[in-house]
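The structure under discussion appears below in the form of structure tokens.
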Amino acid sequence: MTRFILRRLMQALIVLLVMSFVIYGLIGLMPGDPLDIMIASNPGATPEVVAHLRAIYGLDQPLMLRYWHWLISALMGDFGFSRIHSQPTLEVLGPALLQTCKLLLASFVVSVVLSFVLGIVAALRPGGIVDSFISLFAFAGISVPVFWLALMMILVFAVNLHWFPASGMANIGDGGFMDQARHLIMPVTTLALANTGGFIRYVRASMIETLRMDHVRTARAKGAGEGRVVLIHAFRNALIPVVTVIALNFGTLFSGALLTETMFAQPGMGKMIYDSILGNDFNLALTGLLFATVVTLLSNLLADLAYGWLDPRIAVR
Amino acid sequence: MSGIATLPDRAISVGRLRWRRFRTHRAAVASLIVLALLVLFCLAAWPLKTYLGIDPDATDLLARFDPPSAAHWLGTDDAGRDELLRLMVGGQISLLVGLLATAIGGIFGLLIGVTSGYFGGRIDAALMRFTDGMIILPLLPLLIVLGALDLTKLGFTKEFATSGAAGFWRIVVIISIVDWTSIARLVRAAALAIKERDFVRAARASGAGPFYVMRAHVLPNVATPIIVAFTLTVGRVILLESVLSFLGFGIVPPTPSWGNMLNNAQELVNTAPALAVYPGLLIFITVIAVNFVGDGLQHAFDPRSERS
């Protein structure tokens with residue numbers, strides 16, 4: 001087991017290393033470079049001064065060398081300075097990560113509970129009226145553009161009904177738990193609705209398959225109640241593929257977070273990455289993207305471990 | 001000859017059989033009709049443009065957010081442009097991006113999948129690690145970075161980089177760069193399963209090269225799941241395009257797309273809510289219809305599936 005985890009960790013590290021290089025290269029291809037912004041605010045800069053500054057900042061060196069220097073300082077824990085926030089990027093990242101975790105966890109719990117319930121109910125009678133409605137709901141969830149869903153939520157619940165605030169994470173001067181929760185309701189609902197669709201389909205398909213299995217028939221034949229059969233005998237087995245797929249989808253969750261945070265002006269990771277790319281904040285964009293990759297890599301690793309833990313038949317090599 | 005069942009002259013063709021099965025999926029049939037209507041709606045831009053005599057890109061800042069009238073059937077947008085015409089033209093762009101990016105990414109995925117599955121060994125291991133790597137990437141942030149790249153730094157001329165065509169092709173290319181993984185895995189699995197079958201071995205033993213085997217045996221056998229996967233990809237790509245254009249990293253105005261028509265979302269919600277509804281609703285309807293058609297195709301192609 002330990003060897004398995006170690007090997008997977010090694011693989012993840014290699015992927016991360018490759019990714020850091022790719023992202024570093026891509027960020028370098030974005031419009032302008034750090035100096036352009038400096039020059040723009042200083043009309044007196046002569047070409048000689050600019051060239052001198054380029055040399056000081058090492059911007060005249062080849063890509064590999066620049067990446068190498070960045071990597072060394074990143075490994076020492078120095079990810080550079082954010083231009084927009086005038087703070088080390090890691091200090092900007094901390095609070096944003098916390099905010100995103102709240103959003104992701106809350107919406108993840110909501111969508112998992114919702115999809116388990118609806119998926120199981122739909123699987124009880126495939127093709128029935130209830131199943132058709134749930135399937136329609138699931139398809140709608142997969143097909144709706146998240147940003148538009150957020151827009152419609154704002155239109156209905158904030159602009160027309162005034163039930164919830166349209167943006168931000170707390171009112172100034174309040175910021176208590178209830179106030180924060182009120183601000184989180186719409187983003188969480190939006191993200192949860194968007195994710196539930198796919199989850200329902202996985203749960204439903206897996207449940208239908210398991211309900212047809214022999215051991216379920218045996219359980220029924222031995223007189224187990226329907227509730228016990230569905231929840232204990234079938235659901236536990238149906239869970240195995242579902243957990244993997246849901247964990248593998250964590251990356252998609254992140255994309256959804258970027259949209260909901262941007263739409264509802266929540267100061268999380270997603271909005272931070274978006275703003276940093278818009279505002280040419282190279283260091284922050286790089287750090288944010290790397291962190292997002294780390295989070296997805298870790299969740300994939302956890303998915304693999306959970307898979308082995310749920311299904312003892314899969315021998316860990 | 002009574003008492004003996006007569007065989008029909010000709011057996012039903014596979015295509016007809018599938019069409020029959022497809023027809024039993026009511027949502028899919030309805031969706032197919034909806035899609036046909038949507039395409040007609042988008043193509044109606046040309047006749048309507050001449051009939052009303054309006055240029056969909058012509059701005060009129062004195063006529064911002066005009067209510068629906070005889071000249072502008074759905075009113076005007078935040079720059080005084082005709083909303084209905086822009087919805088139609090924007091639809092053409094969005095659908096075209098969906099089809100093109102799916103086709104390019106699909107061919108890419110097909111090549112990788114077939115190569116990986118057929119040759120196996122180290123090539124397979126390397127290509128699949130690459131695919132796994134692509135899958136775990138945070139998709140949207142990556143697409144935004146790709147959408148923000150400075151084309152002049154890649155050696156394109158400045159005229160091209162700022163032209164509308166560049167905006168269009170850029171989004172097609174970046175989406176197809178990231179969205180090929182599901183097709184690649186599907187094709188790989190199928191190729192792996194098929195290459196060990198006896199008829200393929202027989203073909204190889206009689207001297208068939210890898211290209212022949214792939215074209216004649218592997219690809220026809222994976223055609224049906226690929227068609228389904230392509231369909232579902234079109235829906236996903238349309239969503240991605242709308243998101244990127246909405247965020248300002250896709251199709252650049254004045255060229256409309258359903259996504260960038262919502263660029264001004266905050267202002268729209270407060271001043272002209274209807275304009276915030278139309279483009280998104282069209283995206284939603286298109287994508288849900290595409291997904292239902294995909295579901296119907298899957299049902300039609302799978303002889304084991306039963307419609308209960």
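None of the figures in this text is laboratory data; all of them are computed from the coordinates on show. Computed from a predicted model, the values in this text were never measured in an experiment. Cβ: placed from backbone, ideal geometry, glycine included. Neighbour counts: every protein chain shown.
Summary of computed values
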| item | result |
| --- | --- |
| Degrees, to the nearest 10: B:83-119 long Cα axis against longest axis of chain B | 30 |
| Mean separation of Cα contacts under 8 Å (6+ apart) over length of chain B, as relative contact order % | 25 |
| Added length on full extension, which subtracts the Cα-Cα distance from 0.36 nm per residue, B:Glu267 to B:Ala30 | 81.8 nm |
| Order of A:Lys271, B:Lys153 under a 10 Å beta carbon neighbour criterion, fewest first | B:Lys153, A:Lys271 |
| A:Ala51-B:Ile177 FRET efficiency (beta carbon distance; Förster radius 45 Å; 0.05 resolution) | 0.80 |
| With Cα atoms, 0 to 90° folded angle of helix B:26-43 axis to chain B main axis | 50 |
| Partners for B:Lys158 among aspartates and glutamates (Cα-Cα distance below 20 Å; same-chain residues under 8 apart left out) | A:Asp33, A:Asp36, B:Asp150 |
| Two-site label geometry, B:Ala274 and A:Leu302: point separation in nm, points 7 Å out along Cα→Cβ | 4.7 |
| Burial ordering of B:Phe160, A:Phe116, B:Phe130, fewest other beta-carbon atoms within 10 Å first | B:Phe160, B:Phe130, A:Phe116 |
| Packing-based exposure ordering (other Cβ within 10 Å, fewest first) of B:Phe108, A:Phe235, B:Phe292 | B:Phe108, A:Phe235, B:Phe292 |
| Centre separation in Å (Cα based) which lies between the range B:93-133 and the range B:20-88 | 35 |
| The range A:2-81 - convex hull of alpha carbons, volume per residue in Å³ | 106 |
| Using a Förster distance of 41 Å, the FRET efficiency for A:Ile39-A:Leu17 (Cβ separation, nearest 0.05) | 0.80 |
| Principal-axis tilt of helix B:139-148 within chain B, Cα atoms, nearest 10 degrees | 50 |
| 20 Å cut-off, amide nitrogen to a point 7 angstrom out along B:Thr224 Cα→Cβ, residues in the range B:185-213 | B:185-200 |
| Amide H within-cut-off set for A:Phe81, under 5 Å, with H built and near neighbours excluded | A:Thr89 |
| Relative contact order (%) - chain A, alpha-carbon pairs under 8 angstrom, separation at least six | 25 |
| Candidate aspartates and glutamates for bridging to B:Lys195, where Cα separation is under 19 Å - those fewer than 8 sequence places away on the same chain excluded | B:Asp124 |
| Cα gyration tensor shape for the range B:162-308, rounded if a/c is under 1.5, else prolate or oblate | oblate |
| Approximate spin-label separation A:Met10-B:Ser206, in nm, with each point projected 7 Å along Cα-to-Cβ | 4.7 |
| In sequence order, calculated HN-Hα J values of the range B:241-252 (Karplus, 6.51, -1.76, 1.60; Hz; x Gly/Pro) | 4, 5, 4, 5, 5, 4, 6, x, 10, x, 5, 9 |
| Calculated from backbone phi, Karplus (6.51, -1.76, 1.60) coupling profile of the range A:57-73 in Hz, x at Gly/Pro | 7, x, 7, 8, 7, x, 3, 4, 5, 4, 4, 4, 4, 4, 4, 4, 5 |
| Under Karplus coefficients 6.51, -1.76 and 1.60, residue-wise ³J(HN,Hα) of the range B:282-298 in Hz, glycine/proline x | 5, 4, 4, 4, 4, 5, 5, 5, 4, 5, 5, 4, x, 4, x, 4, 4 |
